1. Hey, any hits in the stretch 368-377 for a residue that's part of a helix (DSSP H, G or I), in contact with a helix residue (DSSP H, G or I) (Cβ under 6 Å, 6 or more places away or on another chain) and closer than 19 Å to Ile323 by Cβ?
2. Please identify the pairs in which a residue from the stretch 357-369 that is open to solvent by 20 Å² or more (accessible area, probe 1.4 Å) has its Cβ atom under 6 Å from the Cβ atom of a residue that is of a type in the set (D, E, K, R) and not in a helix (DSSP H, G or I), counting only partners at least 6 apart or on another chain.
3. Taking Thr403 as meeting all but one of (1) in contact (Cβ under 8 Å) with a residue 60 or more places away in the chain; (2) open to solvent by less than 60 Å² (accessible area, probe 1.4 Å); (3) over 15 Å from Ala360 (Cβ atoms), write down the number of the exception.
4. Looking at Leu122, Leu127, Leu143, which one is open to solvent by 60 Å² or more (accessible area, probe 1.4 Å), in contact (Cβ under 8 Å) with a residue 40 or more places away in the chain and in a helix (DSSP H, G or I)?
5. Under 8 Å between Cβ atoms, which residue pairs at least 6 apart in sequence (or on different chains) link something in the stretch 295-316 that is closer than 19 Å to Ile420 by Cα and open to solvent by 60 Å² or more (accessible area, probe 1.4 Å) with a partner that is part of a helix (DSSP H, G or I) and polar (S, T, N, Q)?
6. For the stretch 213-242, which residues satisfy the criterion of being at pLDDT 80 or above, open to solvent by less than 40 Å² (accessible area, probe 1.4 Å) and of a type in the set (A, V, I, L, M, F, W, C)?
7. Is there any pair with a first residue in the stretch 21-44 that is open to solvent by less than 10 Å² (accessible area, probe 1.4 Å) and a second that is not β-branched (Val, Ile, Thr) and not in a helix (DSSP H, G or I) whose Cβ atoms are under 9 Å apart and which are 6 or more apart or on different chains, and what are they?
8. If you go through the stretch 85-97 one residue at a time, how many are in a helix (DSSP H, G or I) and either in contact with a helix residue (DSSP H, G or I) (Cβ under 8 Å, 6 or more places away or on another chain) or modelled with pLDDT under 90 (or both)?
Amino acid sequence: MTAATFEEDVMASALRAESRTADTRRITFYVALAVFAQESTWNFYDNRVPELLRDHVASAAVIGLIMGMDNLLGIFIQPYMGNRSDNTRTSWGRRIPYLAVMMPVGAALFLLIPHMSSLGWLIVVILLYALVMNSFKPISESLMPDFIEPAGRSRANAVVKIASALTTIVAALVSLLLVDDYPKLAFAVPSAIMLVAVAVLVWRVRDSRSRAYQAALAEDRASAATESPDVKVKVTIRTILRDLVFDRDRSRLLVIIAVFVFGGAWFAFRSLMTPYGVQVLGLSDGEAGGLTLPSGIAYILAAFPAALLAERFGRLRTMAAGIAVFATGAIIGAVVQTPTVTIVALCLAAVGAAGFMINAVVVLWNLAPSSRVLGTYTGLYTVGWAGGGFVGPAVVGLAVDVTGWHLLLLHIALLAAVAIALVVWVYRLRRASGTRESAE
């Protein structure tokens, strides 16, 4: 090889690397935009819909039940829709066609919510909104692993999580600036954000060009060419679940269980902190409600460093260390029960939580057996996370009923310890199988 040829090869390699980096940044922006749009409506929904229901229903339990229905729907719908999109083949790809239809429908339903004058119609529109939004949530989030190779997924997911976290600020600003004077018009702002986002996605993204979609097509062709009756082009949820449960390597199943357990700890941490502040710290309702605000900022600041640490030390190790930091924060808060120390402890816990939350779904994507099932695995992650959110606060609340509010943070730390054990178990299984942990 001549020196000139060598230089040309080096330059060509550099150009290809630069092109991949630009593509990664581009698709990360589009996925973050989609998630930002959908979470903007969800956060404003959580802020305003309970008040709309209170105009018709006096019972807090009934309002809580209605507000919790979206999580319950998500457990069943998201894996199904993720799998359905996995098996879709069009000239636009397998994700964009669903987003092109469902995001405008979701925006329209969200816009209708404040105009429902009767409880019956309000509940109908709320359920339809939750149904549509849960249907495309795993589809939009699966665009990222479709385009981005495993090594870069933690960084990209950190950006997406930051975009999601920022929607709490958007919801607060819309509430502050519009709700009192224009309560119905306020719903138009998140709807407009979602319409702009889907227009940009449909205009700029064709997931038929993604690496994972092309790999899925190649697998389809290989499956169609085989004579084995056990190999099918369409991969069903039942097949995926059977493989997940009966696989001798329990890594994927254990990751989902770890997500369930830590999700329970996280949602208990977030949802029970206000009564803890009132009962234990002697704060007013408003003061107790503000305890978690600094920790939300701490989470945003920690998200991207959590991705960098995962690339340096491995995702599973970063997840386990993150849960350990989370548990340490909870223990500090339990030992020194003052408002200032509690805020510091919550910030420390949020920083640790970022180590787990940024990387857990990436580990599950990277453990998926095929590019054909990435959407389904996104849905299965949601089953673990939403299931933990549904069960965790109830279990921790039951423990508090038995022992008292002053031990709340210790109960949460115990759940976190179980999650650490599960992640360490997965790490040891991957090491025993000879798999390089940093790739997961």
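1. Looking for residues that are part of a helix (DSSP H, G or I), in contact with a helix residue (DSSP H, G or I) (Cβ under 6 Å, 6 or more places away or on another chain) and closer than 19 Å to Ile323 by Cβ, one finds none in the stretch 368-377, hence no.
2. Short answer, once both residue conditions are applied: Asn366/Glu440.
3. (1)
4. The unique qualifying residue is Leu127.
5. Leu309/Thr318; Phe313/Ser438
6. Result: Ala215, Ala216, Ile240.
7. Cβ pairs passing all conditions: Ile27/Ser210.
8. Residues in the stretch 85-97 being in a helix (DSSP H, G or I) and either in contact with a helix residue (DSSP H, G or I) (Cβ under 8 Å, 6 or more places away or on another chain) or modelled with pLDDT under 90 (or both): 3 in total.
The values are calculated or read from the model by the stated rules, or taken from the named source; none is laboratory data. Owing to the predicted nature of the structure, the values given are computational and were not obtained by experimental measurement. Heads up, the Cβs are rebuilt from the backbone with ideal geometry, glycines too, and the neighbour counts pull from every protein chain shown. For the accessible areas, the whole protein counts, side chains as well, though only heavy atoms, and no ligand, DNA or RNA atoms are used. Shrake-Rupley method; radii C 1.70, N 1.55, O 1.52, S 1.80 Å.
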